[in-house]
Amino acid sequence: MSWQALAFDRYKRLRNTAHPADFRHLRCPTNPGLVSIVLPVYNGEHYLHEALDSILAQTYTNFELIAVDDGSSDQSGYILDQYEERDRRIRVIHQANQKLPRSLSNGFRLARGEFLTWTSDDNRLKPEFLERMVDCLVRHPTWDMVYANPDIIDDKGQPLLNSEWYQAYQMPPGSQHIWLPEDPSALNIDPNNYIGGAFLYRDRVGWLLGDYSPNRFTMEDYDYWMQVNSLFHIRHADFREQYYEYRFHASSLTSQDSDLNITSSRPKMMVFDTFRRDFYLAPLVWLLEESKLAEGDSAGWKKFQELIRSNGHLILDRADFSRQSLPHLWMPTVYAHAWQGSGSIPAPPADLPDWVLRALIAFQPRQPLPDQVPGGWDICLAMTDTANPPRLAVPFQGWFASDALQVLFTSVDIRCRTDHLRRIEQEAAFPPQPEIPLSVVVCTYHRGQLLLDNLRALARQTLNKQAYEVLVVNNDPLDLQVEQWIEMIRAEEFADCPDRLRLLVCPLPGLSNARNAGIAEAHGKVICFIDDDAIAHPNWLEEIESFYHEYPQAGIGGGLIRLEIPDPRPAVLHPGMETLWSHFSPPYKQYTPINKWWEYPWGANWFGLRRALVEMGGFRSRYGRVKKNFTGGEEMVAAGLARQLGYEVGVLPTAVVDHRVEPSRFTKEHIRRTVVSGIFTAYQAQKDFYIPYDLTPISSIRSIIIQTLRLIAALVSLRLHKVKLTTLHWRGYVRLLFEQIGDFFARFRKPISSREPADLLRDE
């Protein structure tokens, strides 16, 4: 495997550990054997006849064609209507121009088939295309999607020879025959959409993922394939022959790559996909209720709850959920109601926020599933072996049927995450107008008096209070003392503008999750993050506001962090060791852009444009401190992502905070754990492609040798000097050495994306 494939393989193994579902056991309300083909058309009269004739000439005749005329101004609509009159398998939708992603979504919302695909109005299907693709999926029931090799043709429909398109995949070189990569492992890491136009996927994929993103015009297919690859099982077809003809001509979207910024926009989509994969591994929040269940049904419901807990998800009481002020983004939440499958179906609670997914789960229904449910349910599932569940009126609502609890659990998980990600993506594409210049986010976890001092310093800034707000994010919902302190500070310091001090609760553990909660609810153009044990200098916010006026191109910045030295000075705090307690003193007198990742700002004094933070998907939850552990790196990763998005990263030394570390943290154990975590976090960020890394085999071997020599030197130092600082690195070197050796040899193992899901289930 390449390093890119290995990075994705690591993600797939983690995801499969939590969700080893075999989707053969999931049944959707579709017609078995039917293929639904969506054909979006916009001013395609020139090639439309060829595309339609190639579809109607298929040897596999059990298909429906849903043609979507997207506001064409030529004869496309008339041509489609003529074909609809000739063949009952064709349905035509005429709509005002909504662009390709919405046209696809509108078509698939009407699809009734077990198998789904779409094609363009300028491409052609060879007669055996559907037959071969359906046969492939039938022979591989655990595969969720297949893609096949295409031929490329020119504007006259002739083989396109010696083309620059697909040049690396032409077989033989210079021919029209394309052989696409057989392993999709690098699809999400390397910005190269090699799925192409020849593909077929199962109904469960379309029903769980839903619409194509309207914010990814020209990349809607690539975006969708990355989601499928992350959550389902994509395979190259088990044949190499080409049964699909992909046309290149001057009017095609592909030919307008430079004008539409298709290729140049891919890096931004890749950044967001790194967030999606991180998000797919994070916990969900569940609100659970039940109708009166019979004994057997109750046992199934209890096992469902065990699945939730065993995967590290949170179950909250609905009363506590309603009482607390929770973020509307970055906290995916499911309200799941267990219904006994008989009697009337309840409606979901009316007081739930719109960002909460409402899931109805029927356990062992004793009567046929109804074809209508009360309004408000987003997804309806039934634990039953029913082969053909009824179709509900709302698109992608259900019913979904399975006799496997794990499949139902994973189905709700996918739908919740997918819906929530769309909300974040929508806000990234259309950010709200900032209400104020600055938002200050203080994430707290059992901090006590230091938090009060922090808030008083923020309240006494030289900047007018109308120009900023303070959001305190409590990362322990059971700590009710924080709410009392906020009320006290609000009365003391914010009496004339009480709305400028707000309290949020983030039940998902971890500093990154808490910071994302602050991003979600912040009203400012710039978000300033300060630790709950740091004291801002009086002009801190004034310096930051002036900076963004002068340097509007800056995306991410960090200020000076001065460690307050306890008196008497702790014995372990030798000169030069202050950075181990978040002291940050860059060698600059004024704002300076940073180009090297090891100089990125970090720690207790960090700020950035809200639109940049939302665009990158916020902080990665796999980085950042969780309770009392020593992991970090979330600011470094975010700065690197900002650079990938085209934003500037810099240091503003005139924005100063003092870091008041509790004396109990000045220990040798703190030093050791900080050093070890720092070494490992930097290496992890390189493996995840968040920061630059030389990934050649020679460099990997060289790095292993260097780490071995460092380990030997550290052990010698331990022998000679016993407790010197350098001796505390050795555990980090040992861990890093074994990580590097393991990663090097992992490249030679079989990727998880090429293995059967049934085998993966046995492994688990």
Query raised in the report: List, please: which pairs have Cβ atoms under 7 Å, are six or more places apart or on different chains, and start with a residue in segment 214-229 that is open to solvent by 10 Å² or more (accessible area, probe 1.4 Å) and end with one that is among the hydroxyl-bearing types (Ser, Thr, Tyr) and outside any loop (DSSP other than H, G, I, E, B)?
Result: MET219/SER265
Report summary line: Restricted to segment 39-59 and to residues being open to solvent by 50 Å² or more (accessible area, probe 1.4 Å) and under 38 Å from the mean Cα position of the chain (by Cα), the residue farthest from ASP221 (Cα to Cα) is ASN43
Requested in this report: Taking TYR588 as meeting all but one of (1) within 30 Å of LEU281 (Cβ to Cβ); (2) of a type in the set (Phe, Trp, Tyr); (3) part of a loop (DSSP other than H, G, I, E, B), write down the number of the exception.
Outcome: (1)
Query raised in the report: Based on what the data block shows, is PRO498 touching a Lys or Arg at 6+ places or on another chain (Cβ under 7 Å), under 19 Å from ILE315 (Cβ atoms) and not aliphatic (A, V, I, L, M)?
Result: no
**Report entry** Residue list for segment 327-344, restricted to those being touching a Ser or Thr at 6+ places or on another chain (Cβ under 9 Å) and open to solvent by 20 Å² or more (accessible area, probe 1.4 Å)
**Finding:** GLN340, GLY343
Query raised in the report: Picking from LEU652, LEU641, which residue would you name as being more than 18 Å from the chain's Cα centre (by Cα) and either assigned to a loop (DSSP other than H, G, I, E, B) or more than 19 Å from PRO327 (Cβ to Cβ) (or both)?
Result: LEU652
**Report entry** Given (1) in contact with an Asp or Glu (Cβ under 7 Å, 6 or more places away or on another chain); (2) at pLDDT 90 or above, number of the condition THR263 does not satisfy
**Finding:** (2)
Query raised in the report: What residue, among those in segment 80-97 that are open to solvent by 70 Å² or more (accessible area, probe 1.4 Å) and touching a residue at least 12 places away in the same chain (Cβ under 8 Å), is nearest to ASP69 (Cα to Cα)?
Result: HIS94
Query raised in the report: When you go through ASP9, ASP69 one by one, which is the residue that is in contact with a Pro (Cβ under 9 Å, 6 or more places away or on another chain) and not in a helix (DSSP H, G or I)?
Result: ASP69
Query - Answer residue from segment 373-404, given it is more than 18 Å from ARG358 (Cα to Cα) and among the charged types (D, E, K, R) and is modelled with the highest pLDDT among those - result: ASP403
Query raised in the report: From the list GLU648, GLU634, which one is in contact with a Gly (Cβ under 9 Å, 6 or more places away or on another chain), crowded, with 19+ Cβ neighbours inside 10 Å and at pLDDT 90 or above?
Result: GLU634
**Report entry** Scan of segment 11-36 for residues that are under 20 Å from the mean Cα position of the chain (by Cα), open to solvent by 50 Å² or more (accessible area, probe 1.4 Å) and of a type outside the set (D, E, K, R), ordered by number
**Finding:** LEU14, THR17
Query raised in the report: Just one of the numbered conditions (1) outside any strand (DSSP E or B); (2) in contact with a strand residue (DSSP E or B) (Cβ under 9 Å, 6 or more places away or on another chain); (3) not β-branched (Val, Ile, Thr) is not true of HIS46; which one?
Result: (2)
Report task. Among the residues of segment 139-175, write down those that are within 23 Å of ALA250 (Cβ to Cβ), open to solvent by less than 70 Å² (accessible area, probe 1.4 Å) and of a type outside the set (D, E, K, R). Result -> PRO150, ILE152, ILE153, GLY157, PRO159, LEU160, SER163, TYR166, TYR169, GLN170, GLY174, SER175
**Report entry** Contacts under 6 angstrom Cβ, first residue in segment 511-534 being of a type in the set (Gly, Ala, Ser), partner open to solvent by 10 Å² or more (accessible area, probe 1.4 Å) and assigned to a helix (DSSP H, G or I), 6 or more apart
**Finding:** ALA522/ARG610
Query raised in the report: So how many residues does segment 531-572 have that are among the hydrophobic types (A, V, I, L, M, F, W, C) and open to solvent by 30 Å² or more (accessible area, probe 1.4 Å)?
Result: 2
Requested in this report: Might you check whether a residue that is open to solvent by 10 Å² or more (accessible area, probe 1.4 Å) and under 26 Å from ILE679 (Cβ atoms) occurs anywhere in segment 606-622?
Outcome: yes
Query raised in the report: Among the residues of segment 179-213 satisfying the criterion of being more than 23 Å from SER265 (Cα to Cα) and open to solvent by 30 Å² or more (accessible area, probe 1.4 Å), which is modelled with the highest pLDDT?
Result: TRP179
Query raised in the report: Which number in (1) in contact (Cβ under 8 Å) with a residue 60 or more places away in the chain; (2) surrounded by fewer than 22 Cβ atoms within 10 Å (Cβ to Cβ) marks the one condition that PRO593 misses?
Result: (1)
Requested in this report: Go over the candidates ARG460, ARG490 one by one and state the one that is farther than 30 Å from GLY312 by Cβ and either of a type in the set (Gly, Ala, Ser) or crowded, with 20+ Cβ neighbours inside 10 Å (or both).
Outcome: ARG490
Requested in this report: Would you point out the residue of segment 370-396, among those that are open to solvent by less than 20 Å² (accessible area, probe 1.4 Å) and of a type in the set (A, V, I, L, M), that is farthest from ASN106 (Cα to Cα)?
Outcome: ALA382
Report task. Within segment 521-529, identify whether any single residue is at pLDDT below 95, surrounded by fewer than 24 Cβ atoms within 10 Å (Cβ to Cβ) and more than 20 Å from LEU463 (Cβ to Cβ), and answer yes or no. Result -> no
Query raised in the report: With GLN324, GLN367 as the choices, which residue is loosely packed, with under 14 Cβ neighbours inside 10 Å and of a type outside the set (Asp, Glu)?
Result: GLN367
Report task. Determine whether GLY510 is crowded, with 20+ Cβ neighbours inside 10 Å, touching a Ser or Thr at 6+ places or on another chain (Cβ under 8 Å) and on the phi > 0 side of the Ramachandran plot. Result -> yes
Query raised in the report: So which pairs qualify, if the first residue must be in segment 158-187 and within 19 Å of ASP122 (Cβ to Cβ), the second must be among the charged types (D, E, K, R) and crowded, with 17+ Cβ neighbours inside 10 Å, the Cβ gap must be under 8 Å, and the two must be at least 6 apart or on different chains?
Result: PRO159/ASP151; GLN176/ASP151; ILE178/ASP151
Requested in this report: Just name the residue that is most open to solvent (accessible area, probe 1.4 Å) out of those in segment 61-79 that are under 20 Å from GLY113 (Cα atoms) and in contact with a strand residue (DSSP E or B) (Cβ under 7 Å, 6 or more places away or on another chain).
Outcome: ASN62
Report summary line: Of the candidates VAL412, VAL407, the one satisfying the condition of being in contact with a helix residue (DSSP H, G or I) (Cβ under 8 Å, 6 or more places away or on another chain) and more than 16 Å from THR30 (Cβ to Cβ) is VAL407
**Report entry** Residue, nearest to the chain's Cα centre (by Cα), within segment 563-585, restricted to residues that are assigned to a loop (DSSP other than H, G, I, E, B) and acidic (Asp, Glu)
**Finding:** GLU564
Report task. Check every one of the strands (runs of 3 or more DSSP E) wholly within segment 345-456 and list those with 3 or more residues that are touching a residue at least 40 places away in the same chain (Cβ under 8 Å). Result -> 356-363, 400-402, 436-444
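The values are calculated or read from the model by the stated rules, or taken from the named source; none is laboratory data. The structure presented is a predicted model; accordingly, all values stated were derived computationally and were not measured. In this analysis, Cβ positions are derived from the backbone assuming ideal geometry, glycine residues included, and neighbour counts consider all displayed protein chains. Keep in mind that these areas ignore ligands, DNA and RNA; they rest on the heavy atoms of the full protein, side chains included. Shrake-Rupley method; radii C 1.70, N 1.55, O 1.52, S 1.80 Å.
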